[in-house]
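Shown next, in structure tokens, is the structure this report addresses.
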Amino acid sequence: MKWSEICIETTNEAVEPISNILHETGASGLVIEDPQDLVASMESPFGEIYELNPDDYPEEGVRIKAYLPVNSFLSETVEEIKQAINNLLTYDIDVGKNKVTLSEVNEKEWATAWKKYYHPVKISKRITIKPTWEEYAPVSSDEIIIELDPGMAFGTGTHPTTVLSMQALEQYLQPGDVVMDVGSGSGVLSIASALLGAEKVYAFDLDDIAVKSTMQNAKLNQLNKAIEAKQNNLLNDVNIKSDIIVSNILAEIIIQFVDDAWKNLNNGGLFITSGIIQNKKQLVKDSLMKQGFEIIVVNEMEDWVSIVAKKV
């Protein structure tokens, strides 16, 4: 089979939403070439796990690459992707150059080439994300290792918004908690929650492909009984009392279901939100406080913000 590599030159701010767009159009083998990763790997407080080659990264901006099968629908799919990226401007997301290029590769090349970007990454004191094909030995007895196949779906677990979410889960989740993951993507936050001791995790995503990916990755980690994934629009018509709700999506989406999050949280429950760019931080804080939430902490990494709020 012939494959076409789509390469999008954009900004760090647009990485997550564009990655989601590619995932929703059925792209495989997502690669993010972000020069900030070169700095992050050297400055990681958790210790350097792997080395990156600077020659693989752009001097400025971010390159996102993914692979689409060459068929009669290719040009239509590419136009859909371009339109969806342009629509991000309505959310005040800086898409930068927004240059889209295509190049043809054979199946053998793409099936292995993108894997060089994925290695075990320690993203918090206890959590390490390991691609399924990599060997890795735990460095401590309480280390939590998440097995993930990044080719399955959007959400490799190494983007700052995901790291912030996981660090909050590690800090606040208590054994036996009931957790809801809204906008689960690949299910990496659901898996982290279960491995940290959640009794039950409910994962919701509007995209059926994401729901399937969540369950596939849950099975990889032998957590398919602890995690229940369902196709759903945010928390519409959901009535599950939970201790923690975690959501790593756009700020404009988060504020749409603040009231539903409140209704589904036990008293004292926490709403962990991420995927928030700096200039939308106050928007989310105001929405949470208006609902009655108490802001517990605001954490930041690079240009991204995570807010932990408590139902009081």
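Under the condition of being closer than 16 Å to residue 245 by Cβ, at pLDDT below 95 and charged (D, E, K, R), the residues counted in the range 175-214 number 1.
Taking residue 125, is it assigned to a strand (DSSP E or B) and of a type in the set (D, E, K, R)? Taking the combined requirement at face value, the residue does not satisfy it. Checked against (1) part of a loop (DSSP other than H, G, I, E, B); (2) modelled with pLDDT of 95 or more; (3) charged (D, E, K, R), residue 142 passes all but condition (2). Residues of the range 69-108 that are over 21 Å from the mean Cα position of the chain (by Cα) and of a type in the set (A, V, I, L, M, F, W, C): 70, 73, 74, 78, 100, 102, 105.
Go through the residues of the range 59-73 one by one and say whether even a single one is modelled with pLDDT under 75, outside any strand (DSSP E or B) and of a type outside the set (Val, Ile, Thr).
The answer is yes; a qualifying residue exists.
If only one of 208, 243 is of a type outside the set (Gly, Ala, Ser) and surrounded by fewer than 18 Cβ atoms within 10 Å (Cβ to Cβ), which one is it?
Values: 243 fails: surrounded by fewer than 18 Cβ atoms within 10 Å (Cβ to Cβ).
From the options 208, 243, the qualifying one is 208.
Please count how many residues of the range 170-184 are closer than 21 Å to residue 237 by Cβ and assigned to a loop (DSSP other than H, G, I, E, B).
Initial filter on the range 170-184 (closer than 21 Å to residue 237 by Cβ): 178-184.
Checking the rest, the ones that are also assigned to a loop (DSSP other than H, G, I, E, B) come to 183-184.
The number of residues fulfilling the criteria is 2.
Every test in (1) surrounded by fewer than 18 Cβ atoms within 10 Å (Cβ to Cβ); (2) under 22 Å from the mean Cα position of the chain (by Cα); (3) at pLDDT 85 or above; (4) of a type in the set (S, T, N, Q) is passed by residue 132 save one, and that test is (3).
Give the range 13-32 a look and list any residue that's farther than 20 Å from residue 79 by Cβ, touching a Gly at 6+ places or on another chain (Cβ under 7 Å) and in a strand (DSSP E or B), or say none. Before the answer, list the steps.
From the range 13-32, those farther than 20 Å from residue 79 by Cβ are 13, 15-16, 29, 31-32; that's our starting set.
Keeping just the survivors that are touching a Gly at 6+ places or on another chain (Cβ under 7 Å) gives 16, 29.
Once the filter is applied, which keeps residues that are farther than 20 Å from residue 79 by Cβ, touching a Gly at 6+ places or on another chain (Cβ under 7 Å) and in a strand (DSSP E or B), the range 13-32 yields only 29.
Just one residue in the set 270, 250 is of a type outside the set (D, E, K, R), touching a strand residue (DSSP E or B) at 6+ places or on another chain (Cβ under 9 Å), crowded, with 19+ Cβ neighbours inside 10 Å and at pLDDT 95 or above; that residue is 270.
The values are calculated or read from the model by the stated rules, or taken from the named source; none is laboratory data. On a predicted model such as this, the values are computed, not experimentally measured, just so you know. Ideal geometry is used to build each Cβ from the backbone, glycine not excepted, and the neighbour counts take in all protein chains shown.
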